[in-house]
Every structure is written in C-alpha cells, then in structure tokens.
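Notes follow once the structure below has been shown.
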Amino acid sequence: MKRVLVAYASNMDATQEIARAIGSELRAAGMDVDVRPVGDVYGVDNYQAVVIGSTLYANRWPRAAVRLLKQHGAELARRRVWLFHAPAGAVSDGTQLALPGNVASLVAKIGAEQVVTFGDELVPAKTDVPTAQVSRFRDWDRIRAWASEVAGEIAGRSTAAS
C-alpha cells in the first residue's frame, strides 16, 4: 500500500478542507494517507508521495509551508510531489495562479508537479433580504477529480485529464 502525506498550510479553514478532501479521495483509491498541517511534518521518509497545499495570501505562501520545502527539499526531491494553493479572496475556480518566486525556486529544485490553484467564487446568497450578501462556492468535484488523477499517477496508472 502506498503511503502518502497531504500537508497543508492554512490561515483559515479553506486549505485544510481542501487537503482533507484530497486525503479522502486518495484513501478511497486504497492509499494509506496522513493529512496534517505543515508545522507537524518532521520528515517525509516514510512516504512514497507528498501533496503540499497552501493558502496564497498577497501572492505569498505562509512561512511554515516555505520552511517545509526548504528543510525537506532533499527528501522531497526523491519522491513524487504535487502542489496546490488556495488564494485568500475570490478567484474564479480554474484560474491558475503562479507560485510566488521564492516557492517556485524551491519547487524547481524538488522537481514537483506544476501547482494547481483551487479558487472559489462569490455567489449571491439565497435570501430574500435585499443586501449584498454573498457566499463562497468551491468546486469540490474539480478538487476530487484532481486528487483522483494524483492517485492514478501514484498508483502508476494513467488517468484522463479533467
């Protein structure tokens, strides 16, 4: 059974929720998965693959996420690594945002897969109150489809891109 780490840096709960959804999808594919905050990762030697997700705030990843890439770069370079980030603020899902420069240089050394952006959209709240209330919509089907593709790659089988 493949062991996979899903590590996340989240200022609020959105990135954590995405990480948990990815972890669930990988488990459903028969993998042994640990989902934990990046600050609780003390090594990656016990994992065959790693997924790292981060909040993207003011075009920056939190220090703890960058520290994980720096401290464990050599270990990560010997594994398959996938990245995602979730911008703080409304960004249409499907919009791809580049990695911050400091993160991009670390990722290049690791040889990680290209980052995927999981945005959200503001949609009018279902209410009769005539206010500017909105709620956030995240495309969970897209997140699960991406995680399924990752699971297929980890398992060594090809999957169709979504």
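Brief remarks on what is shown
- Between Arg142 and Ala58, residue separation times 0.36 nm minus the direct Cα-Cα distance comes to 27.8 nm.
- Put simply, the amide H of Leu83, placed in the peptide plane, has neighbours under 5 Å in Ile52, Glu113, Val116, leaving out anything fewer than 5 places away on its chain.
Since every read-out is calculated from the coordinates, none of them should be taken as a lab result. For clarity, every value in this text was computed on a predicted model and none was experimentally measured.
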